[in-house]
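Below is one structure, written out as structure tokens; the observations come after it.
The values are calculated or read from the model by the stated rules, or taken from the named source; none is laboratory data. Keep in mind it's a predicted model, so treat the numbers as computed, not measured. As a convention, Cβ positions derive from the backbone with ideal geometry for all residues, glycine included, and neighbour counts pool all protein chains shown.
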Amino acid sequence: MSSKQAQLIVSQFVSTVFHPLLLPSLAFLILILQQNVLELGIPPSLKWYLLAVVLITSFLMPASIIFLVYKLGFIKSLQMEKRSDRVLPLLVTAVFFLLTFFLLGHFSIAPIFLFYLIGATMLTLFVLGISLFWKISLHATGFGGFTAALLLCNCFFSTDLMSYIAATILIAGLVCSARLLLHAHKPSQVYVGFLTGLGFISGLFYVSFLL
């Protein structure tokens, strides 16, 4: 196996493991690992149950439907190289992110996480609009929004997430590099994607809480 083939295999692995659909579950996992879990409004007895709910509704269900849509021939590739292949998957993603928001809303928990979910829903629809005209990186956009949410949580809530923020920035760099090595995107599509996610979630937080 050549070094180039190895790079492609590793890049595909990184792109799969850190898929944007997994980010809400990762965000909730980070929250429940905090010592001040009660302050965040998360009942300790329910935290793992709620993580399972988030994983099922924001990852497993949309991923299954997207795969079904692919098998039925409505999209040509799960990699969604063509902009037209992104419409249905992004709509499905937005619907299930919103469903997760409403399900967790019944528990009145972790307002910052509920904000992240509704922000991720709106960001997904925003990216859908962009994708009708330009192939923005979904991975980079997702990690941009995720990074913004961690930074905001660290700044405005009594929880120290600096180690997670550093790890997220490192992983985001790996993911963006992987997308470039796979020739899935041009550099501009990756850079603009990350900045779009970062700016959208930050701007939404400012409008919602600081104005």
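Name the single residue that is surrounded by the fewest Cβ atoms within 10 Å (Cβ to Cβ) among those in segment 130-146 being of a type outside the set (V, I, T) and in a loop (DSSP other than H, G, I, E, B). Reasoning before the result, please.
Residues of segment 130-146 of a type outside the set (V, I, T): 131-135, 137-140, 142-146.
With in a loop (DSSP other than H, G, I, E, B) added as a condition, the list becomes 132-135, 137.
Details: L132: 10, F133: 8, W134: 10, K135: 17, S137: 28.
So, considering only residues that are of a type outside the set (V, I, T) and in a loop (DSSP other than H, G, I, E, B), the one surrounded by the fewest Cβ atoms within 10 Å (Cβ to Cβ) is F133.
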Can you say whether S64 is of a type in the set (S, T, Y), without any contact (Cβ under 8 Å) to a residue 60 or more places away in the chain and surrounded by fewer than 14 Cβ atoms within 10 Å (Cβ to Cβ), as far as the supplied structure shows? yes
Only one of V92, V54, V14 that is more than 27 Å from S177 (Cβ to Cβ), touching a residue at least 40 places away in the same chain (Cβ under 8 Å) and buried (at least 16 other Cβ atoms within 10 Å of the Cβ): V54
Among the numbered conditions (1) buried (at least 23 other Cβ atoms within 10 Å of the Cβ); (2) within 16 Å of V14 (Cα to Cα), tell me where L170 comes up short. (1)
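Without any contact (Cβ under 8 Å) to a residue 12 or more places away in the chain, closer than 21 Å to K135 by Cβ and touching a Phe, Trp or Tyr at 6+ places or on another chain (Cβ under 9 Å), is that true of K82? Don't jump to the end; show me each part of the working.
On the way: without any contact (Cβ under 8 Å) to a residue 12 or more places away in the chain: yes; closer than 21 Å to K135 by Cβ: yes; touching a Phe, Trp or Tyr at 6+ places or on another chain (Cβ under 9 Å): no.
Answer is no for this residue.
Are any of the residues in segment 99-118 in contact with a helix residue (DSSP H, G or I) (Cβ under 8 Å, 6 or more places away or on another chain) and farther than 15 Å from F28 by Cβ?
The answer is no; no qualifying residue exists.
Working carefully through the options L91, L132, L123, L170, find the one that is under 15 Å from the mean Cα position of the chain (by Cα), under 20 Å from Q189 (Cα atoms) and at pLDDT 90 or above. Steps first, answer last, please.
On the way: L91 fails: under 20 Å from Q189 (Cα atoms); L132 fails: under 15 Å from the mean Cα position of the chain (by Cα); L170 fails: under 15 Å from the mean Cα position of the chain (by Cα).
It is L123.
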So which residues in segment 61-88 are at pLDDT below 90 and aromatic (F, W, Y), if there are any at all? F74
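Let's see how each residue does on (1) under 14 Å from the mean Cα position of the chain (by Cα); (2) closer than 28 Å to P111 by Cβ; (3) buried (at least 18 other Cβ atoms within 10 Å of the Cβ):
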{"residue": "A148", "(1), (2), (3)": "yes, yes, yes"}
{"residue": "F156", "(1), (2), (3)": "no, yes, no"}
{"residue": "S177", "(1), (2), (3)": "no, no, no"}
{"residue": "A184", "(1), (2), (3)": "no, no, yes"}
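For S25, indicate whether it is in contact with a His (Cβ under 8 Å, 6 or more places away or on another chain) and surrounded by 17 or more Cβ atoms within 10 Å (Cβ to Cβ).
Details: in contact with a His (Cβ under 8 Å, 6 or more places away or on another chain): no; surrounded by 17 or more Cβ atoms within 10 Å (Cβ to Cβ): yes.
No; evaluated as a whole, the condition is false for this residue.
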